[in-house]
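Working notes, structure below.
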Amino acid sequence: MATLAEQLQAVTTNFKQNAPASVVETITAAQQDVSKLFADTSKTLQVGAKFPSFSLPSAAGTKVSSDELLSKGLILVTFYRGNWCPFCNLALRGYQKHLDKIHAKGVEFVAISPELPDNSLDTKQKNELEYPVLSDVGNKLARQLGIVWKQPDSMGPVLKQFGHDLEKQNGDDSLEVPLPATFLVGKDGVVKNVFVEADYTQRLEPTTALEWIDQI
């Protein structure tokens, strides 16, 4: 079975080979932009810090709180950009494949994006996810973590060219998205391990997350 990294690389390679050159240039420039902005990750939430408490709507329409999750054990929290992002969908499905192992270690898993709840439901159904998919509308939680990136205006037309209307998906026209980020939070609410990556084509391997948990 291919690793998540191998699947992500295949998507990147296929895109670069088949997308119009002007689109590749615009996206490459945007990637360079975010890499510069987040070259120093010290401003993002670090290991040893308290993870902000939250209560967010799930795809099912109910509120899910960090207090509720922590009462059951550790939490593994991953942030994704939206169901329009192929890299995100691969990562979400990758964690689904390892969900039983994550739960067997006494850990709750949740995925969070800025999408409106109805679109989070689409994400959950499309990827056949059995874990909570939560809506951080306006990136309020992500902003507290220091992981919000406002994409350049040049990305708006590119996204729409591929049928992605972020204003409809997120309920605003900011083009803001969270960086790919995954946090392991202990029962005490303290961050035990963290992955933050400016390159949105990269994600934390689920097997690495399992290794994190084993180290607690």
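Pairing each residue of region 137-161 that is under 15 Å from Val34 (Cβ atoms) with any residue that is loosely packed, with under 15 Cβ neighbours inside 10 Å and of a type in the set (Gly, Ala, Ser), provided the two are 6+ apart or on different chains, yields C-beta distances under 8 Å for Pro152/Ala29; Ser154/Ala29. Only one entry in Val191, Val158 is out of contact with any Pro (no Cβ under 8 Å at 6 or more places or on another chain) and part of a strand (DSSP E or B), namely Val191. If you check His103, His164, His98 for being surrounded by fewer than 20 Cβ atoms within 10 Å (Cβ to Cβ) and in contact with a Cys (Cβ under 9 Å, 6 or more places away or on another chain), only one passes: His164. Note on region 49-74: residues that are of a type in the set (A, V, I, L, M), assigned to a loop (DSSP other than H, G, I, E, B) and within 17 Å of the chain's Cα centre (by Cα) amount to 1.
Listed by first and then second residue, the pairs with beta-carbon distance under 6 Å, at least 6 apart or on different chains, first residue in region 167-185 and in a strand (DSSP E or B), second surrounded by 18 or more Cβ atoms within 10 Å (Cβ to Cβ) and of a type in the set (Gly, Ala, Ser), are Pro178/Ala142.
When each of Gly171, Gly146 is tested for being at pLDDT 95 or above, in contact with a Ser or Thr (Cβ under 7 Å, 6 or more places away or on another chain) and at positive phi, the lone residue that passes is Gly146.
Which residues, taken from region 173-190, are over 13 Å from the mean Cα position of the chain (by Cα) and crowded, with 19+ Cβ neighbours inside 10 Å? Within region 173-190, Leu184, Val185 qualify.
Scanning region 106-120 for residues that are touching a Gly at 6+ places or on another chain (Cβ under 8 Å) and crowded, with 20+ Cβ neighbours inside 10 Å, we see that the one that is farthest from Asn139 (Cα to Cα) is Val107.
The values are calculated or read from the model by the stated rules, or taken from the named source; none is laboratory data. Quantities reported herein were computed from a predicted structural model and do not represent experimental measurements. Here Cβ is always computed from backbone atoms with ideal geometry, including for glycine, and neighbour counts include all displayed protein chains.
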